[in-house]
1. Does Pro16 count as surrounded by fewer than 16 Cβ atoms within 10 Å (Cβ to Cβ), part of a loop (DSSP other than H, G, I, E, B) and touching a residue at least 12 places away in the same chain (Cβ under 8 Å)?
2. Does any residue of the stretch 48-55 turn out to be on the phi > 0 side of the Ramachandran plot and within 10 Å of the chain's Cα centre (by Cα)?
3. Being charged (D, E, K, R), open to solvent by 80 Å² or more (accessible area, probe 1.4 Å) and either in a strand (DSSP E or B) or in contact with a Pro (Cβ under 9 Å, 6 or more places away or on another chain) (or both): is that true of Lys32 here?
4. Among the residues of the stretch 2-13, are any assigned to a helix (DSSP H, G or I), loosely packed, with under 15 Cβ neighbours inside 10 Å and in contact with a strand residue (DSSP E or B) (Cβ under 9 Å, 6 or more places away or on another chain)?
5. If you go through the stretch 54-71, how many residues are farther than 18 Å from Met1 by Cβ, surrounded by 14 or more Cβ atoms within 10 Å (Cβ to Cβ) and of a type in the set (A, V, I, L, M)?
6. Inspect the stretch 37-53 for any residue being in contact with a Cys (Cβ under 9 Å, 6 or more places away or on another chain), surrounded by fewer than 16 Cβ atoms within 10 Å (Cβ to Cβ) and among the charged types (D, E, K, R) and give the result as yes or no.
7. Which of the numbered conditions does Glu25 fail, given that it passes all the others? Conditions: (1) open to solvent by 50 Å² or more (accessible area, probe 1.4 Å); (2) farther than 19 Å from Asp11 by Cα; (3) assigned to a helix (DSSP H, G or I); (4) out of contact with any strand residue (DSSP E or B) (no Cβ under 8 Å at 6 or more places or on another chain).
8. Hey, does the stretch 72-84 have a residue that's open to solvent by 80 Å² or more (accessible area, probe 1.4 Å), in contact (Cβ under 8 Å) with a residue 12 or more places away in the chain, in contact with a helix residue (DSSP H, G or I) (Cβ under 7 Å, 6 or more places away or on another chain) and assigned to a strand (DSSP E or B)?
Amino acid sequence: MNCIQVILTIDVDNLPGNFQEILKEEQEVVAKWKEEGILEHLFLRQTRNGAVLIFKDLSEEQVKAYMEALPFFKLKKSIEYFPLIKQF
């Protein structure tokens, strides 16, 4: 199975005033991805400055396109993509 790990760090020092609205939109998008079966895992970072997402059965280019549509993408400080091979 093809997996892509994404580590998203948001710029917590420059959050907009409507952050709670953006958070709600973010949760809706992530829930949709889980329903569609493309998002295998979502882990929030203990520092509360981002998340680790594991996508499955998508190319890196597809994952990048999904991430660019994510509401928190506009708040990103950094983003890293790591193609993974799941060992059975």
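The values are calculated or read from the model by the stated rules, or taken from the named source; none is laboratory data. What you see is a predicted model, and the numbers here were worked out from it, not measured in a lab. Quick reminder, even Gly has a Cβ in these numbers, built from the backbone with ideal geometry, and neighbours come from all protein chains shown. Note: areas computed on protein heavy atoms with side chains; ligands, DNA, RNA excluded. Shrake-Rupley method; radii C 1.70, N 1.55, O 1.52, S 1.80 Å.
1. Yes.
2. Yes, some residue in the stretch 48-55 is on the phi > 0 side of the Ramachandran plot and within 10 Å of the chain's Cα centre (by Cα).
3. Here the answer is no, as Lys32 does not meet what is asked.
4. Yes: the stretch 2-13 contains one or more residues that are assigned to a helix (DSSP H, G or I), loosely packed, with under 15 Cβ neighbours inside 10 Å and in contact with a strand residue (DSSP E or B) (Cβ under 9 Å, 6 or more places away or on another chain).
5. Qualifying residue count, the stretch 54-71: 2.
6. Checked against the condition, which is being in contact with a Cys (Cβ under 9 Å, 6 or more places away or on another chain), surrounded by fewer than 16 Cβ atoms within 10 Å (Cβ to Cβ) and among the charged types (D, E, K, R), the stretch 37-53 yields no hits at all.
7. Condition not satisfied by Glu25: (2).
8. Looking for residues that are open to solvent by 80 Å² or more (accessible area, probe 1.4 Å), in contact (Cβ under 8 Å) with a residue 12 or more places away in the chain, in contact with a helix residue (DSSP H, G or I) (Cβ under 7 Å, 6 or more places away or on another chain) and assigned to a strand (DSSP E or B), one finds at least one in the stretch 72-84, hence yes.
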